[in-house]
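Asker: Please find one structure pasted underneath; my questions will follow.
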Amino acid sequence: MEHFVQDARYALRVLRKSPGFALAAVLALALGIGANSAVFSVVNGVLLRPLPFTEPDRLVRIFGNFRASGLERISTSVHEYRDYREVPRVLASVSAFADADVTLTGQDAPERLRAIVATSSFLPTLGVFPAMGRHFTEEEETQGRERVVILTHRLWRGRFGANPEIIGTSLTLEGQPFTVVGVLPAGFEYPRGTDLYVPFAPTPDQLNPAARGSRFLDVVARLKPGVTVEAAQRDMDRVAVQLMEAHPGNYSKSSGWAISVVSMEEQTVGGVRSTLWVLLGAVGFVLLIACTNVANLQLARAAARGREISIRAALGADRVRLVTQFLTESLVLSLAGGALGLLMAMWGVDALLALVGDGLPRASEVRLDGRVVLFTAAVSVLTGLLFGLVPALQASRADLHGAMREGARGTGGRSSGRVRAMLVVAQVALALVLLVGAGLFLRSFMVLQGEDAGFDPQGVLTARLSLPLERYGEPAKRAATMREFVARAQAVPGVEAAGLATLLPLTGRSDWSFEIEGRMQGPADPPRPAVEYRAVSADYHKALRIPLVRGRMLADTDGFDAPHTVVINETMARAIFPGEDPIGLRIRLNSRNPNAPWATIVGIVKDVREWGLDVPVRPVAYYSLPQRTPMGAYLVVRTRQNPSALLASLQAELRSVDPDLPLYDVAPMEAVVDGSVSQRRFSMLLLALFAGVAVVLASLGIYGVIAYTVTLRTRELGIRMALGARQADVLGLMVGQGMRLTLVGVGLGLVLALGLGRLLSALLYGVKAHDPLTFAGVAVVLVGVALVATWVPARRATQVDPALTLRAE
């Protein structure tokens, strides 16, 4: 310990004498370590931190699947939920929930809140206990006794001022009084963004045996102690077979019916796991490049300190003592870089979260905590050892005679020169791998952005509207209210078209089974694809500029009392009605319900990317919204002015229809489109940033090696020019040396990039992981940058004065 303290003091004195070197090294390391700490903070918060539940590894999600129709991980009906609660052997508890936004009135202005209707077993299954009050009871899962509510801590503090006497008070939700019975602990919101929870009380229609196919619930279950997800899946496979045998009309053998058991962690973060690990690996490459840069600087300084090292060796310092001294200097630099990097990471985490927006699960749990600090400290120490070991071993080879002789001429020795060249090759190779990754992600993102969404988002404002069931229980009243509001919205100055839809493009899915009138599907027939369902008003397609292909659009005449009509997309026309004209034929959704209405196909419209720009188009049926009478819908308004400027006018028109109805989730349609690709944009921008930093660092490494070589070979170059060498010869000599190193690094980097391509293939869209255009373009760019970095110091070599060199000799 005494030796370490002495070495640390000596290292500080030495570094104070070389402030330029110390500053360059600390900044390079801070950049690499800070970037690693920032990305690790995201990985830690999203992937490594346990989910905020009791024993989260025992929590699973349960889904149904009709794989023959391409339906994976679909919701659950009330009957299926009850089967899952009673039949399986491996589940300790089972719960269900569903989204049900509500309007809070009686406070100030009406406010739309995200509510979750949940069974009484929901919070106990998650292992979450109210900070105040109690859970729901089983008795509150019945109609007439369900008007109680549990608040999230965020809503309690923000909307009700953390009122300690909130328990027992009454809130008006959807026009009905609800009693507050609990407040949840701080930080718990599941699903994310939830404001409050109300009991799920199934209606008589939902309990009807014919409603087994009405799926709208999400199921969360807790495994019994010691049961694995794999064991649970085997048990649920047994349950699936039993359901097929008991209800063959609902689960035919040709449907591909199956039950999936997915861990809660996989369901929550599985979609971003690969991307985050790739980004952490990429930023690790940046740190390695920074380390090689600092190692090169250390080698150059070690060569300049040859006399000092030889004198210390002559005075009795053995090689271990010299290596320890150099490693201590490296650790001092790396710890300083780590401290500065941690400060950079504090800013970097906020920048990363702002960049990804709402597209990152568990984003609220990302922060700099003790684990991140320990990670930074460990990286700092490992970094110091990594970039310090080679220079330390190289410099500790004390050769008094050789060091004095080489030091007299200002040379660094051939051995250290070879090591510096190897480090430059490594820098170039790592930089090329990062550039290839960034190039592939960039090309993938450009291909995705170039996809035709099927509609025009520019100049469109979107918002949500929901009608309380208590006041709008009659379908005719809902249809009339929505029709009146759309008419008022269309009359607002500047509005070109306004419409309603149950879902916006790119935002979600709503799969339904269906049948065609007069066509019975036999057991031997191939399963028919499910149809994506949307209910839209007359001018919805006009507002989004979705072109008509054939037939007609939905019209105002397709009202509540009119015969039911439907418009389908081109994919449905091709897939379901190949070789025939579907216009005039009739279909109906939920074909197992004999009371479901038939709807006549009146038109075909262009395909729209309903699920996402990177998801293939599926069959879609657009039903007349007044005939389906949903409880809520999205408003889409096309305007000739700034869309956001319409909000106040639209809200005023809605309140003139019903003063207790708010517009919420307001966003320009362009923001909806941007949000659908936010994760891909996040990955692309970060990789591009890391690749840019890597190229800069690699260029500095090449520049430094050539500049140092010019300094070492000044005498040689002067003699060459005195003997008749032209400036072009000297320039070519030095540039050739730098480009040889670059080309070797490029070749090695291409091999590494080819090997790592498999890791990226699942994250790309429309581009192959071994795309030759990207590989060639990246290689050319890197060679060009390296050429500039080599040419600048090489040109200085041509300015050597032969006369001065000879006189110095």
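The values are calculated or read from the model by the stated rules, or taken from the named source; none is laboratory data. None of these values were measured; they are calculated from a predicted model. Every residue, glycine as well, gets a Cβ built from its backbone with ideal geometry; the counts of neighbours run over all protein chains shown. Surface accessibility is based on the protein's heavy atoms, side chains included, excluding ligands, DNA and RNA. Shrake-Rupley method; radii C 1.70, N 1.55, O 1.52, S 1.80 Å.
Asker: Give me the residue from segment 748-766 that is in contact with a Phe, Trp or Tyr (Cβ under 9 Å, 6 or more places away or on another chain) and in contact (Cβ under 8 Å) with a residue 60 or more places away in the chain and, out of that set, surrounded by the fewest Cβ atoms within 10 Å (Cβ to Cβ).
Answerer: LEU759
Asker: Only one residue in LEU340, LEU353, LEU393 is in a helix (DSSP H, G or I), within 31 Å of the chain's Cα centre (by Cα) and modelled with pLDDT under 85. Which one?
Answerer: Going through LEU340, LEU353, LEU393 in turn, the sole match is LEU353.
Asker: For segment 186-228, how many residues are open to solvent by 40 Å² or more (accessible area, probe 1.4 Å) and assigned to a helix (DSSP H, G or I)?
Answerer: The qualifying residues number 6.
Asker: Something else: Look at segment 108-139 and say how many of its residues are in a helix (DSSP H, G or I) and modelled with pLDDT of 95 or more.
Answerer: Of the residues in that region, 5 qualify.
Asker: Next question, about the same structure. In segment 242-293, what count of residues is obtained for those that are assigned to a helix (DSSP H, G or I), open to solvent by less than 30 Å² (accessible area, probe 1.4 Å) and small (Gly, Ala, Ser)?
Answerer: Residues in segment 242-293 being assigned to a helix (DSSP H, G or I), open to solvent by less than 30 Å² (accessible area, probe 1.4 Å) and small (Gly, Ala, Ser): 5 in total.
Asker: Suppose we filter segment 664-692 for residues that are open to solvent by 20 Å² or more (accessible area, probe 1.4 Å), of a type in the set (Ser, Thr, Tyr) and in a helix (DSSP H, G or I); how many remain?
Answerer: Result for segment 664-692: 1.
Asker: The conditions are (1) open to solvent by less than 50 Å² (accessible area, probe 1.4 Å); (2) under 22 Å from the mean Cα position of the chain (by Cα); (3) not hydroxyl-bearing (Ser, Thr, Tyr), and ALA480 fails exactly one of them. Which is it?
Answerer: Status for ALA480: all satisfied but (2).
Asker: Right, here's the next one. Taking segment 716-768 only, how many residues are under 39 Å from the mean Cα position of the chain (by Cα) and part of a helix (DSSP H, G or I)?
Answerer: Result for segment 716-768: 22.
Asker: Write out, first by first residue and then by second, each pair whose Cβ atoms fall under 7 Å of each other, whose residues are 6+ apart or on separate chains, and whose first residue, in segment 95-106, is of a type in the set (D, E, K, R) while the second is not in a strand (DSSP E or B).
Answerer: These pairs meet every condition: ASP101/ARG114.
Asker: Could you list all residues from segment 118-155 that are among the hydroxyl-bearing types (Ser, Thr, Tyr) and either in contact (Cβ under 8 Å) with a residue 60 or more places away in the chain or closer than 24 Å to LEU59 by Cα (or both)?
Answerer: If the condition is that a residue be among the hydroxyl-bearing types (Ser, Thr, Tyr) and either in contact (Cβ under 8 Å) with a residue 60 or more places away in the chain or closer than 24 Å to LEU59 by Cα (or both), then THR119, SER120, SER121, THR125, THR137, THR152 are the ones that fit.
Asker: Are any residues in segment 108-135 hydrophobic (A, V, I, L, M, F, W, C) and under 21 Å from PRO468 (Cβ atoms), and if so, which ones?
Answerer: Selection gives ALA109, LEU113, ALA115, ILE116, VAL117, ALA118.
Asker: When residues of segment 598-624 are filtered for being under 19 Å from ASP581 (Cα atoms), open to solvent by 30 Å² or more (accessible area, probe 1.4 Å) and among the aromatic types (Phe, Trp, Tyr), how many remain?
Answerer: Matching residues across segment 598-624 total 1.
Asker: Hey, another quick one. I need the full set of residues from segment 337-352 which are touching a Leu at 6+ places or on another chain (Cβ under 8 Å) and either in contact (Cβ under 8 Å) with a residue 60 or more places away in the chain or under 24 Å from PRO19 (Cβ atoms) (or both), in order please.
Answerer: Hits for segment 337-352 are GLY337, GLY338, LEU340, GLY341, LEU342, MET344, ALA345, VAL349, LEU352.
Asker: Filter segment 76-87 down to the residues that are out of contact with any strand residue (DSSP E or B) (no Cβ under 6 Å at 6 or more places or on another chain) and either open to solvent by 20 Å² or more (accessible area, probe 1.4 Å) or under 21 Å from ARG362 (Cα atoms) (or both) and list them by number.
Answerer: Across segment 76-87, the qualifying residues are HIS79, ARG82, ASP83, GLU86, VAL87.
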